[in-house]
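Can you keep this structure in mind? I'll have questions shortly.
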């Protein structure tokens, strides 16, 4: 069995697994979706992706391979990586520092702005968003190791 077929089978099985467990969660109504709606949608998308990958498994469709796909999609994966780091650092460093660092990295690495422009914009956006949410709207934001 080819690697592509194995990968499509894994996608399909993950979708079936998610579908079974998402059906046990409350679905709610259309106007008020329950906890099971998002897992159901993701599971159906995994089933669709696995099925389409299995039937599109021709040599031309997968000629470039997975590593070539990763090279072509470097920016989206970089954004995902930066976002994962943001999520893990949010509770540790607090909102202002983590949000400013997140925006700085997006401006610098992804958008390729000059470092001083990225630093200025990230600092301003981080502080202004903190002021709006924490001070004006009184939304509790993670403080982290810093007092603000």
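Would the range 112-124 turn up any residue that is out of contact with any helix residue (DSSP H, G or I) (no Cβ under 8 Å at 6 or more places or on another chain), surrounded by fewer than 18 Cβ atoms within 10 Å (Cβ to Cβ) and modelled with pLDDT under 90? If you could, list the steps in order and put the result at the bottom.
Pass one, the range 112-124, residues out of contact with any helix residue (DSSP H, G or I) (no Cβ under 8 Å at 6 or more places or on another chain): 112, 114, 116, 120, 124.
Still in the list and also surrounded by fewer than 18 Cβ atoms within 10 Å (Cβ to Cβ): 112, 114, 116, 120, 124.
Adding the requirement that they be modelled with pLDDT under 90 leaves 112.
Yes, the conditions are met somewhere in the range 112-124.
Only one of 106, 81, 70 is modelled with pLDDT of 80 or more, in contact with a helix residue (DSSP H, G or I) (Cβ under 9 Å, 6 or more places away or on another chain) and either assigned to a helix (DSSP H, G or I) or within 30 Å of residue 16 (Cβ to Cβ) (or both); which?
On the way: 81 fails: in contact with a helix residue (DSSP H, G or I) (Cβ under 9 Å, 6 or more places away or on another chain); 70 fails: modelled with pLDDT of 80 or more.
The match here is 106.
Report, ordered by the first and then the second residue, all pairs with beta carbons closer than 9 Å, sequence separation of six or more or different chains, a first member in the range 93-104 that is in the same structural domain as residue 129 (by TED's automatic domain parsing) and without any contact (Cβ under 8 Å) to a residue 60 or more places away in the chain, and a second member that is assigned to a helix (DSSP H, G or I) and buried (at least 21 other Cβ atoms within 10 Å of the Cβ).
99/122; 100/122; 101/122; 102/122; 103/122; 104/122
Would you please list the contacts, defined by Cβ atoms under 6 Å and residues six or more apart or on different chains, that run from a residue in the range 6-18 that is within 18 Å of residue 38 (Cβ to Cβ) to a residue that is surrounded by fewer than 18 Cβ atoms within 10 Å (Cβ to Cβ) and at pLDDT 85 or above?
Hits for this filter: 18/39.
The values are calculated or read from the model by the stated rules, or taken from the named source; none is laboratory data. On a predicted model such as this, the values are computed, not experimentally measured, just so you know. Positions of Cβ are backbone-derived with ideal geometry, glycine not excepted, and every protein chain shown enters the neighbour counts.
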